[in-house]
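Colleague: Pasting in a structure now, in structure tokens, and then I'll have a few things to ask.
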Amino acid sequence: MFISVTASVVVELVPEDLRSSTVAVFTFITTNVGGSLQLLLGPIVSAFRASGASYEHAFRMGLYLLFPGGFALCGLLFAVAALCVPRRPPTVTPRDALRQYQKNSTDTLYGEEPPVVVPSVAYGDRPVAGLHSEA
């Protein structure tokens, strides 16, 4: 669920010459941590059994802690990491970009107004009223 988003963030944060190595290390760590979580189920079930819970309840609580709890922990860590990524302010504000676009769209090479071109539309052999130019 979160691996593809995290992988794309990791790829974008490192320099180009380190990307393949970084993805390899990221995949190695993700696979080892995800593959090892099932080994924790036994001790968690034993801890719940020692507190007096039945085996079924202890097993269910262990699964709740590892799987949905693991996703929640990963989401929390992802949000914390997202807050740590430095953000660059935009060099041009949207308002300045709009003004520059409007200025460039009305200016021409020689400072004259651009000519208005109205295409001539014909239906059959006679022009449609109001849609052809007199030029």
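We did not get these values from a lab; they are worked out from the coordinates using the rules stated. The structure presented is a predicted model; accordingly, all values stated were derived computationally and were not measured. In this analysis, Cβ positions are derived from the backbone assuming ideal geometry, glycine residues included, and neighbour counts consider all displayed protein chains.
Colleague: For the modelled label position 7 Å from the Cα of L73 along Cα-to-Cβ, which residues of region 12-32 have backbone nitrogen atoms closer than 12 Å?
Modeller: Zone members listed by number: none at all.
Colleague: For I3, I44, I29, what's the fewest-to-most ordering of other Cβ within 10 Å of each Cβ?
Modeller: Result, fewest neighbours first: I29, I3, I44.
Colleague: Same structure, new question: What are the equivalent ellipsoid semi-axes of region 3-84, built from the alpha-carbon gyration tensor (square roots of five times its eigenvalues), in whole angstrom, biggest first?
Modeller: In descending order the semi-axes read 34, 14, 8 Å.
Colleague: Moving on. Suppose each label sits 7 Å from its Cα in the direction of the beta carbon; what would the L83-V23 distance come out to in nanometres?
Modeller: About 3.1 nm, to one decimal.
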